[in-house]
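The values are calculated or read from the model by the stated rules, or taken from the named source; none is laboratory data. Everything numeric in this text was worked out from a predicted model, so none of it was measured. Glycine gets a Cβ as well: all are built from the backbone with ideal geometry, and neighbour counts include every protein chain shown. To get the accessible areas, we keep the full protein, side chains included, count just its heavy atoms, and leave off ligands, DNA and RNA. Shrake-Rupley method; radii C 1.70, N 1.55, O 1.52, S 1.80 Å.
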Amino acid sequence: MGQITRKGSLSKFENIRRRIRTYKTWYKIIFPFNRIFRGVQHMRLRNGKSAYVRSVRSMDVNIISDVLGGNEYDLEQLRLPPHATIVDLGGNIGTFAMEMHRLFPTADIISYEPYPANCEMFTMNAPYAMLVQKAASGKTCSVQLEDTSNYVGLRVVEKGGIKVEAESLDDILKDFVKVDLLKIDIEGSEYEVLNNASTGTLKKVDRILMETHDVPGFDDLEWAEQILTKHGFTVSWIDKLGIVYGERHATEVRAAPERAR
């Protein structure tokens, strides 16, 4: 029993160390200091970036650490043209839009985020992006979204959630001539969105950056490769946990680590 206790304490200690290394305002999220800071807080990272969180005890803290501190999407390697058009499906609290604005300050960023509480934080963090308070789905309709204080990993459910408006990818991109980057991170609805999109819609897209999830009937995450390859994208996996990058008519594809099984 003593060994288990020490192991748990070490894990907690390492988590504290990681937060101190990542955050300049680490004292806001470390017990017992976190009891002092209530409501919306401005969190500053040691790399010079910063963002607002709705609470120092919320998952917003982890999202900022992953996207702004850990470069979850490998965004530094993206090459986009000047004045690029970026469509962000799954805007959450705005961290992806923030990174896109930092890397490509002249880009037009359009983000879709259905959850009201996330939209409030998005507006604070990324006021330069156009925010559409809708979900992305296989068809344009109303859907039930999980209603939880977690605010992360919000999935579409059959009942018991909050009603939000949703649009198909065909409708989302109907007025676009070209999209330089389409980012999709919508917690399990990626397959439905892409599988129901028309060939004409996907031809407008030059690059897709997507977090994938398992789909029944497919081996591992091969559905993503199948759909993207079918529509003319050259695919590389940039994260063995399921982040995929596809580029149309790519001349050079980054080497990808072996995918996790």
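Data overview
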read-out: In region 76-96, residue modelled with the highest pLDDT [restricted to those that are outside any loop (DSSP other than H, G, I, E, B) and either over 20 Å from residue 118 (Cβ atoms) or in contact with a Cys (Cβ under 6 Å, 6 or more places away or on another chain) (or both)]; value: 85
read-out: Residue 99 being open to solvent by less than 30 Å² (accessible area, probe 1.4 Å) and charged (D, E, K, R); value: yes
read-out: Only one of 15, 62 that is open to solvent by less than 70 Å² (accessible area, probe 1.4 Å), at pLDDT below 95 and within 22 Å of residue 92 (Cα to Cα); value: 62
read-out: Residues within region 47-71 that are in a strand (DSSP E or B) and either hydrophobic (A, V, I, L, M, F, W, C) or touching a residue at least 60 places away in the same chain (Cβ under 8 Å) (or both), tallied; value: 3
read-out: Every residue from region 21-46 that is part of a loop (DSSP other than H, G, I, E, B) and open to solvent by less than 80 Å² (accessible area, probe 1.4 Å); value: 25, 29, 30, 32, 37, 39, 40
read-out: Check on residue 78, aliphatic (A, V, I, L, M), under 27 Å from residue 135 (Cβ atoms) and open to solvent by less than 70 Å² (accessible area, probe 1.4 Å); value: yes
